[in-house]
Amino acid sequence: MPTVAYPFKKGLYLNITNRCPTACRFCIKRILKWRFERWDFRLRGEPTTAQILAASAAAAGRRSFAEVVFCGYGESTYRLPDLPELCRGLRRQQAGARLRLNTIGLGSLIWGRDIAPELAGLIDAAAVSLNTADPEQWLAIHTPLKPFRARGYESVLGFIRSCVAAGLETTVTAVKLPGTDLPAVRRLASSLGASFRSRPAL
Ligand code: SF4
C-alpha cells in the first residue's frame with residue numbers, strides 16, 4: 001500500500017501528490033526507488049482530501065505532533081485547490097501543530113499567479129528547496145520540465161520573497177551537493193528575508 005501519511009521525527013508527514021515540475025538530481029524517489037525506511041511513496045492515483053485526512057488520523061493515532069509537513073515525493077502545490085479543506089481538517093486533528101510546506105518553490109509558476117498570499121492563510125511555514133545561488137547550476141541540479149526552464153529560477157526567488165512578505169515563516173534549504181556554494185545560498189536567503197538551513201544529501 002502506498003504511504004500517504006507517516007510519522008517522522010517530531011512531525012507528521014504527508015505525501016499528497018507525485019506530480020513534480022522538476023527531476024532533482026538529489027531526489028530520494030530516484031535514488032531510493034520511491035521508498036524510504038519502511039514506506040512506499042509511489043501513489044497509485046492521488047488520494048482525495050478525505051483519504052488524506054483519514055490517512056493522517058490513522059498514522060497519528062493518539063499522538064500529537066509539533067508539526068504537520070506537506071512533503072512527499074512530489075510538489076504539494078499542485079494540490080492547491082484542495083489545501084483549504086485539507087489544512088482545516090489537519091488543524092482540527094492536530095490542534096496547535098505548525099503546518100509546513102516543503103516545496104521546490106515553483107507553485108506560482110505552476111498556477112500562473114502569486115500563490116504565497118493564499119498559502120499564508122492556510123499554512124504557517126514554507127521551506128523552499130533552492131540548493132544554489134547560481135541560475136545555471138539551478139537548472140543542472142533540478143532539471144525542470146520545459147515550461148519551468150526559462151523563468152524557473154527567478155520564479156522561485158520571487159516565491160520566496162512573496163512568502164516572506166505574506167508573513168510565512170520562510171526557510172531556504174540547500175542539500176549539500178558537490179560544487180555548490182552553501183555560503184552564497186545563505187547570503188541569498190538572507191537578502192530575500194528568509195532563514196537558511198542546509199541538509200545532507202543521501
Ligand atoms: S521536487 Fe521533490 S519530489 Fe520532485 S524531483 Fe525534486 S526532490 Fe524529488
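The values are calculated or read from the model by the stated rules, or taken from the named source; none is laboratory data. Small disclaimer: the values here were computed from a predicted structure and weren't measured. When we count neighbours, we look across all protein chains shown, and the Cβ atoms used for this are built from the backbone with ideal geometry, even at glycine.
When Lys29, Lys9 are screened for being closer than 25 Å to Leu177 by Cβ and more than 16 Å from the ligand (Cβ to nearest atom), only Lys9 passes.
Across region 32-58, the qualifying residues are those that are within 16 Å of the ligand (Cβ to nearest atom) and without any contact (Cβ under 8 Å) to a residue 24 or more places away in the chain, and the one among them that is surrounded by the fewest Cβ atoms within 10 Å (Cβ to Cβ) is Lys33.
Let me confirm something: among Asp82, Asp134, Asp124, which residue is over 21 Å from Arg199 (Cβ atoms) and at pLDDT 95 or above?
Details: Asp134 fails: over 21 Å from Arg199 (Cβ atoms); Asp124 fails: over 21 Å from Arg199 (Cβ atoms).
Sole residue among the options that is over 21 Å from Arg199 (Cβ atoms) and at pLDDT 95 or above: Asp82.
Of the residues making up region 169-181, just one is farther than 13 Å from Ile141 by Cβ and aliphatic (A, V, I, L, M), namely Val172.
Within region 180-202, track down each residue that is part of a loop (DSSP other than H, G, I, E, B) and modelled with pLDDT under 95.
Residues of region 180-202 part of a loop (DSSP other than H, G, I, E, B): 180-181, 192-194, 201-202.
Hits for region 180-202 are Ala201, Leu202.
Of the residues screened, Glu118 is not one that is acidic (Asp, Glu) and either surrounded by fewer than 17 Cβ atoms within 10 Å (Cβ to Cβ) or over 16 Å from the mean Cα position of the chain (by Cα) (or both).
In the condition set (1) within 16 Å of the ligand (Cβ to nearest atom); (2) closer than 22 Å to Phe148 by Cβ; (3) more than 15 Å from the chain's Cα centre (by Cα), Glu75 is compliant with all but (3). Screening Cys87 with (1) in contact with a Ser or Thr (Cβ under 8 Å, 6 or more places away or on another chain); (2) not in a loop (DSSP other than H, G, I, E, B) gives one miss only, at (1). Among the candidates Ala23, Ala66, the residue that is within 16 Å of the ligand (Cβ to nearest atom) and surrounded by fewer than 16 Cβ atoms within 10 Å (Cβ to Cβ) is uniquely Ala23. The helices (runs of 4 or more DSSP H) falling completely within region 91-147 that include 1 or more residues that are of a type in the set (Gly, Ala, Ser) and within 14 Å of the ligand (Cβ to nearest atom) map to 107-111, 135-142.
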